[in-house]
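Undergrad: The following block contains the structure, expressed as structure tokens.
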Amino acid sequence: MSHTPGGAPRRSPAPGASSVPSPAAGPAPARRSVLRGSLAASAALALPGTAALVTAAPAQALSGRPRAAWGVQAGDVTTSSGLVWVRSDRPARMIVETSATESFRRARQWRGPLLGPGSDFTGTVPLGGLPSGERVHYRVTLADPDDPRRTSEPVHGTFRTAPARRRQDVRFVWSGDIAGQGWGINPDIGGYRVYDEMRRLGPDFFLCSGDTIYADGPIEPSVTLPDGRVWRNITTEEKAKVAETLAEYRGNFRYNLLDANVRAFNAEVPSITQWDDHEVRNNWYPGQILDDDRYTEKNIDVLAARASQAFREYFPVSTLHARGADRRVHRVINHGPLLDVFVLDMRTHRNANSPNRQSDDTTGILGAEQLAWLKRELSRSRAVWKVIAADMPIGLVVPDGTTDFEAIANGDPGAPLGRELQIAELLRYIKRRRITGTVWLTADVHHTSAQHYLPERAAFKDFAPFWEFVTGPLAAGQFPASSLDATFGPDRVYVKAPKGSNLSPMETPPLFGQVDIDGGSGELTVRLREQGGAVLFTKVLQPGRIGQ
């Protein structure tokens, strides 16, 4: 998104502010005692000298047993499989045990990779043959490769596999945009408390809609707000400048794991993660050569390759572990008979940002191969609901500078042009193939809204009505509402956005969405929420309809 070409907000730091305050206070007690190991890891990170802790120390400088102080994560969970992630403080063998109970009697063991500097001491183990619709308890142990008897304290986590039968309900939350515009982990307000609020809703998974980090947004020790209050940030060496090296990108991904709320959330709620622009640099596209004095490396393809490696090291992503994996980000996660999640990548395959008025555009925002994949997978899907997880909205205008556009819409209310042509082709395909239950979810624009797209209002009419829901940010600045492009006939049924720009999380509550699918009726309910418990907007959708 294009709100912040200059990176962090330029406000005066408070005199004498510390660059490494104590990390955020821990979350409220977890509902499940299996998180003891994760909470112990949280306490281990809550020490002075956090910045030094983030940098991986050479193995020979470490004594004692391996440590997994960054917690655990699970990801891309299906009816019978999932991924488990961990990071070590030194070379170590990753070992995962799974069990149906917290006692770990009759546990199944999974021997994982040897973690080393080539992956920044991170690793992921794919799990298979899991029981459907059941709670899975897991624990990760790190073993010294020279002395396997010398192991770390186990770090615990849990997740529920997707149901194989329709009768079980499904709940998930979604949002994006974390540590943006200079608003990082603030210990004075308890850090990223929104993660604790999402965790307490008991979701089956978290859909992260991109901008998982702000590699182009340095974090300053403090920022003075317009009313005179001071926002304090936990800072690290890698967050002091824009990320360019692989080490700096890795440090950006580690940054959010300094928050105890995030680590407790990760240990209890599996994720489906996609990326957008700020994992690399604001509004980037392939082939771009930067005109930005903050960067010594101007070739965006070089930066994107480094960011991509760090992204895959720090999130459990299933395409890395599939047979014939091509390291793609786009994928479909089958979450039982009620839900398939189609994770798009609107960044890697796009054409250059431009006025976006081409009359012939085959590359668009998805690329030809990804569009063909999406059509094919939507046709194959037998799920009641097909959530299209887009990292950018369809009908909201997102400019890039004064003449170019960053997303799909081009501000012209007429017939589709530029990137809109791909979306028109996809919407036409969905209608003519009579594919039911499509819902679009996204983040990116730093406010929340609900749009209903109707052909009777549109310049392009060959599609079935559908809904698009927008939410976020989780921990970034909030901005005014984007304008609408009438090409696909959107009606903004609900919006909450500030009038001012780059409002901090102390001024406007973080935003996220909740989706519930009833196992009996099949109804899908979307709730747009904000931190503090408020439900801002609710929409109930009925299953089996081509458009609604």
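Undergrad: Report the charge-dipole magnitude of the chain in Debye, nearest 20, computed about the Cα centre from +1 at each Lys and Arg Cβ and -1 at each Asp and Glu Cβ. Don't jump to the answer; show the numbers that get you there.
TA: Details: 65 positive and 60 negative charges, 435 e Å.
In total the dipole reaches around 2100 debye.
Undergrad: Add +1 for every Lys or Arg and -1 for every Asp or Glu among the other residues with Cβ under 10 Å from the Cβ of ILE333, and state the total. Don't skip to the end; give the middle numbers.
TA: On the way: positive: ARG331; negative: ASP76, ASP340.
Residues close to ILE333 contribute a combined charge of -1.
Undergrad: In addition: Post the alpha-carbon centroid distance, the stretch 472-535 to the stretch 199-269, in whole angstrom.
TA: Between the Cα centre of the stretch 472-535 and that of the stretch 199-269, the gap is 20 Å.
Undergrad: Rank PRO399, THR122, THR442 by how far each Cα sits towards the positive end of the charge dipole of the chain (+1 on Lys, Arg Cβ; -1 on Asp, Glu Cβ) and give me just the farthest.
TA: The residue sitting most towards the positive pole is THR122.
Undergrad: So if I place +1 on the C-beta of Lys and Arg and -1 on the C-beta of Asp and Glu, and nothing else carries charge, what would the dipole magnitude of the stretch 418-516 be about its Cα centre? I want it in debye, nearest 20. Don't jump to the answer; show the numbers that get you there.
TA: Values: 11 positive and 10 negative charges, 68 e Å.
It comes to approximately 320 debye.
Undergrad: Please identify the GluC sites (Glu not before Pro) of the stretch 234-337 that satisfy two criteria: DSSP loop assignment and at most 16 other Cβ atoms within 10 Å. Which are they? Kindly include the intermediate steps, with their values, before the conclusion.
TA: Working: sites: GLU237, GLU238, GLU244, GLU248, GLU268, GLU279, GLU297, GLU313; in loops: GLU244, GLU279, GLU297.
Filter output for the stretch 234-337: GLU297.
Undergrad: State, to one decimal in nm, how far the label point of THR525 lies from the label point of ASP404, with both points 7 Å from Cα in the Cβ direction.
TA: Result: 4.4 nm between the two label points.
Undergrad: Further question on the same structure: Could you give the length gained on full extension between THR362 and SER501, defined as 0.36 nm per residue of separation minus the Cα-Cα distance, in nm? The partial results should precede the final answer.
TA: Working: separation 139, 0.36 × 139 = 50.04 nm, distance 3.49 nm.
Using 0.36 nm per residue and subtracting the Cα-Cα distance, I get 46.5 nm.
Undergrad: Calculate the spin-label point distance for ARG167 paired with ARG327, positioning each point 7 Å from the Cα along the beta-carbon direction, and give it in nanometres.
TA: 4.6 nm
Undergrad: Another one. Pull out a ≥ b ≥ c, the square roots of the eigenvalues of the alpha-carbon gyration tensor of the stretch 322-379, then state rounded if a/c is under 1.5, prolate if not and a/b is larger than b/c, and oblate in the remaining case. If you can, show how the numbers build up before the last one.
TA: Working: a/c = 2.60, a/b = 1.92, b/c = 1.35.
Cα axes put the stretch 322-379 in the prolate bin.
Undergrad: Another one. Would you work out the charge dipole size for the stretch 85-242 about its Cα centre, treating the Cβ of every Lys and Arg as +1 and the Cβ of every Asp and Glu as -1, and quote it to the nearest 20 debye? Don't skip to the end; give the middle numbers.
TA: Working: 23 positive and 21 negative charges, 199 e Å.
About 960 debye.
Undergrad: Scan around VAL439 for amide H atoms under 5 Å from its own, H built in the peptide plane at 1.01 Å from N, and keep only partners 5 or more places away or cross-chain.
TA: LYS386, VAL387, ILE388
Undergrad: Along the charge dipole of the chain, pointing to its positive end and built from +1/-1 on Cβ of Lys, Arg, Asp and Glu, which listed residue (PHE104, GLN73, LEU257) has its Cα farthest out?
TA: Checking the options against the dipole of the chain, the answer is PHE104.
Undergrad: Continuing with the same structure: Which distance in Å, rounded to a whole number, links the C-alpha centroids of the stretch 425-448 and the stretch 101-123?
TA: Taking the Cα centre of each part, the stretch 425-448 and the stretch 101-123 sit 38 Å apart.
Undergrad: Cβ under 10 Å from GLN309's Cβ, GLN309 left aside: what net charge do those residues give with Lys, Arg +1 and Asp, Glu -1?
TA: On the way: positive: ARG250, ARG306, ARG312, ARG327; negative: ASP120, GLU313.
Its environment carries a net charge of +2.
Undergrad: Taking θ as phi - 60°, what are the ³J(HN,Hα) couplings along the stretch 402-416 by the Karplus curve (6.51, -1.76, 1.60), each to the nearest whole Hz, with x for Gly and Pro?
TA: With the stated coefficients, the stretch 402-416 comes to 9, 10, 9, 10, 9, 9, 8, 5, 10, x, 9, x, x, 4, x Hz.
Undergrad: What is the local net charge at LEU396, summed over the other residues whose Cβ is closer than 10 Å to its Cβ (Lys, Arg +1; Asp, Glu -1)?
TA: On the way: positive: ARG492; negative: ASP444, GLU468, ASP485.
After counting each charged neighbour, the total is -2.
Undergrad: Report the label-to-label distance for ASP292 and ARG434 in nanometres (one decimal), using points 7 Å from each Cα along the Cα→Cβ vector.
TA: Spacing of the two 7 Å Cα→Cβ label points: 4.8 nm.
Undergrad: In percent, what relative contact order does the chain have, based on Cα pairs under 8 Å that are 6 or more apart in sequence?
TA: Values: 1459 pairs, mean separation 81.4, N = 548.
Result for the chain is 15 percent.
Undergrad: HN-Hα J couplings of the stretch 383-392 from phi, Karplus 6.51/-1.76/1.60, θ = phi - 60°, integer Hz, Gly and Pro as x?
TA: Per-residue couplings from phi come out as 5, 4, 10, 10, 7, 9, 8, 9, 8, 9 Hz.
Each value in this text was obtained by applying a stated rule to the coordinates, not by laboratory testing. Nothing here was measured: the structure is a model prediction, and the numbers come from that model. Every residue, glycine among them, receives a Cβ derived from its backbone with ideal geometry; neighbour counts consider all protein chains shown.
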